[in-house]
Amino acid sequence: MSLSDRLKPVSAEPLLETLTTAVLVLDHRLHIAYLNPAAENLFEISKRQVGGHYWPELVGAGKALVKRLEATTGTRHPFTERELALHSANGHRMTVDCIVTPSGKDDLLLEIMQIDRHLRIAHEEHLLVQQQAARELLRGMAHEIKNPLGGLRGAAQLLESELENDELKEYTRVIIGEADRLTNLVDRMLGPNNVIENRVINIHQVLEHVRSLVDAESYPGLELVREYDPSIPEFPADAELLIQAILNLVRNAAQAGAQKITLISRTRRQFTIGHTRHKLVIQIDIVDDGPGIPADMQEKIFYPMVSGRADGTGLGLSIAQSMINQHHGIVEFTSEPGQTVFTVYLPLGVEDA
Ligand SMILES: Nc1ncnc2c1ncn2[C@@H]1O[C@H](COP(=O)(O)OP(=O)(O)OP(=O)(O)O)[C@@H](O)[C@H]1O
Ligand SMILES: [Mg+2]
């Protein structure tokens, strides 16, 4: 019996459908003839929408690549392109390796591996650990400040009640007022406590709540747009925490001077957060058209007390990250002048082995 006799016959299509590598077939005009779910996921497109579309345009393939692909439809010579810069249909940038093999009469088979995702995951883990350490340090400090602050305020109150001269009471009021302000700050530094109350929630109720809060803050000229995927299932989470986290992100965009903020919800299948692969993840994008985050700040903004605003405390993002981490999710961003995207990934609780 030969080796091949012992192998089971398998049909290619179901196999392609379960593959985690993105696979596409392009016809000789470089229009999409087939794509597997991994490719749908990677390029954020669906089979239904893109069958027959011109692939290079959809993903921003450069002229050099297009030339090579066109040549290959004639020469039938396979090739590999490394570290190609492409983007998804929604504009998310990615770096990929791409193997191109002629298939059939004049089709091309493309196997695409996203490489920046691997690099990014390692980098993200490292940053998360550092941010957590910074947060712990800050929490410790906040605790130390909080206790004497209570004593200070109490003493000022006692003093005030003993004072007969109203002018002198002005001073105790300053002490009490400032102590209250510091207590507020310290409470924010302490951040969310570790108990989260999970109830079954609808993510769009959370987003709508944030929208109405930001609306009420009436930023001049600000337009809030929503693009929700109504098919997202309900899931257990702490709505209060999610509202606070997303509010911090939307508020930042508004405070940066954005004129348009778009809230987008969608689901991602087979998505990795940290080292865990999840069957289903909710992705919330907060897209703003503001000035963007200066390059030299980008590495630091999730650390507590890092702010680019004169009146900012620099706690908003650190708190948002911590609240989303408590839900086993993560907050990421990309930013350039005119387009900043903060993305919240929330797993729906089903881990993939
Ligand atoms: N969408 C955005 N556009 C431009 N800059 C941003 C954006 N989001 C965050 N930033 C920058 O990141 C910094 C840190 O944000 P973070 O929310 O942590 O603190 P903050 O807004 O300064 O203060 P706080 O939120 O505590 O009031 C901001 O000060 C701002 O410079
Ligand atoms: Mg903020």
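Worth a mention:
Conditions tested, residue by residue: (1) surrounded by fewer than 20 Cβ atoms within 10 Å (Cβ to Cβ); (2) of a type in the set (A, V, I, L, M).
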site	(1), (2)
A295	yes, yes
K300	yes, no
L317	no, yes
F342	no, no
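- Breaking point among (1) within 9 Å of ligand 1 (Cβ to nearest atom); (2) of a type outside the set (V, I, T); (3) open to solvent by less than 30 Å² (accessible area, probe 1.4 Å), for G308: (3)
- Inter-residue pairs, beta-carbon under 6 Å, first under 16 Å from W55 (Cβ atoms) and in segment 104-118, second hydroxyl-bearing (S, T, Y), 6+ apart: D106/T73; L109/T101; L109/S103; E111/T21
A quick yes/no check of all residues on (1) within 12 Å of ligand 1 (Cβ to nearest atom); (2) hydroxyl-bearing (S, T, Y); (3) modelled with pLDDT of 95 or more; (4) touching an Asp or Glu at 6+ places or on another chain (Cβ under 8 Å):
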| site | (1), (2), (3), (4) |
| --- | --- |
| R251 | yes, no, yes, yes |
| G292 | yes, no, yes, yes |
| S318 | yes, yes, no, no |
| E336 | yes, no, no, no |
| D352 | no, no, no, no |
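- Boolean, F333 is under 16 Å from the mean Cα position of the chain (by Cα) and within 16 Å of ligand 2 (Cβ to nearest atom): yes
- Candidates in segment 273-290 are the residues that are of a type in the set (A, V, I, L, M, F, W, C) and within 12 Å of ligand 1 (Cβ to nearest atom); of these, the one that is least open to solvent (accessible area, probe 1.4 Å) is I286.
- Just one residue in the set A142, A134, A156 is of a type in the set (G, A, S), surrounded by 14 or more Cβ atoms within 10 Å (Cβ to Cβ), out of contact with any helix residue (DSSP H, G or I) (no Cβ under 6 Å at 6 or more places or on another chain) and assigned to a helix (DSSP H, G or I); that residue is A134.
- Wholly enclosed strands (runs of 3 or more DSSP E) of segment 1-120 bearing at least 2 residues of a type in the set (D, E, K, R) and open to solvent by 50 Å² or more (accessible area, probe 1.4 Å): 79-87
- Of all residues making up segment 325-340, the number that are surrounded by fewer than 23 Cβ atoms within 10 Å (Cβ to Cβ) and over 12 Å from I286 (Cβ atoms): 8
- Filter result for S322 (without any contact (Cβ under 8 Å) to a residue 12 or more places away in the chain, touching a Gly at 6+ places or on another chain (Cβ under 6 Å) and within 16 Å of ligand 1 (Cβ to nearest atom)): no
- Count of segment 179-211 residues which are in a helix (DSSP H, G or I) and surrounded by fewer than 11 Cβ atoms within 10 Å (Cβ to Cβ): 1
- Condition met for I261 (within 16 Å of ligand 2 (Cβ to nearest atom), outside the structural domain of L128 (by TED's automatic domain parsing) and under 22 Å from I121 (Cβ atoms)): no
- Check on Q255, within 16 Å of ligand 2 (Cβ to nearest atom) and open to solvent by 20 Å² or more (accessible area, probe 1.4 Å): yes
- Lone unmet requirement of (1) within 16 Å of ligand 2 (Cβ to nearest atom); (2) in contact (Cβ under 8 Å) with a residue 60 or more places away in the chain; (3) open to solvent by 30 Å² or more (accessible area, probe 1.4 Å) for Y219: (2)
- Residue within segment 277-284 that is under 30 Å from T18 (Cα atoms) and polar (S, T, N, Q) present: yes
The values are calculated or read from the model by the stated rules, or taken from the named source; none is laboratory data. Bear in mind that the values here come from a model prediction, so they are computed numbers and not experimental data. Note: ideal-geometry Cβ built from the backbone for every residue, glycine included; neighbour counts use all protein chains shown. All accessible areas refer to the heavy atoms of the entire protein, side chains included, with ligands and DNA or RNA removed. Shrake-Rupley method; radii C 1.70, N 1.55, O 1.52, S 1.80 Å.
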